[in-house]
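Engineer: First the structure, which I've put down as structure tokens, then a few questions once you've had a look.
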Amino acid sequence: MSTQELINKEVESLPEPLQREVYDFAHFLRLKSKVELQLLEEFESWEAASDEDFLKLERSMAEVE
């Protein structure tokens, strides 16, 4: 049985108010995952920019020498 099927089976056996809590939690997890992905992408772009700035600084220092 797949994870989706197991989840569906459990949720179907819950009363409506608890089903709503499961839905709210699943929605929270999806949003949390999206925010974490955005933060990771921002960090990676910042890191790439920092590497480029560092290379520019190294080149400038080499020209001075």
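Engineer: Out of all the residues in the stretch 40-47, is one or more among the hydroxyl-bearing types (Ser, Thr, Tyr), part of a helix (DSSP H, G or I) and surrounded by 10 or more Cβ atoms within 10 Å (Cβ to Cβ)?
Structural biologist: Of all residues in the stretch 40-47, those among the hydroxyl-bearing types (Ser, Thr, Tyr) come to 45.
Still in the running and part of a helix (DSSP H, G or I): 45.
Going one step further and asking which of them are surrounded by 10 or more Cβ atoms within 10 Å (Cβ to Cβ), we end up with 45.
Looking for residues that are among the hydroxyl-bearing types (Ser, Thr, Tyr), part of a helix (DSSP H, G or I) and surrounded by 10 or more Cβ atoms within 10 Å (Cβ to Cβ), one finds at least one in the stretch 40-47, hence yes.
Engineer: Name every residue in the stretch 18-37 that is open to solvent by 90 Å² or more (accessible area, probe 1.4 Å) and not basic (Lys, Arg), in order of residue number.
Structural biologist: Scanning the stretch 18-37 gives Glu21, Tyr23, Phe25, Phe28, Glu36, Leu37.
The values are calculated or read from the model by the stated rules, or taken from the named source; none is laboratory data. Nothing here was measured: the structure is a model prediction, and the numbers come from that model. As a convention, Cβ positions derive from the backbone with ideal geometry for all residues, glycine included, and neighbour counts pool all protein chains shown. Heavy atoms of the whole protein, side chains included, go into the accessibility calculation; ligands, DNA and RNA do not. Shrake-Rupley method; radii C 1.70, N 1.55, O 1.52, S 1.80 Å.
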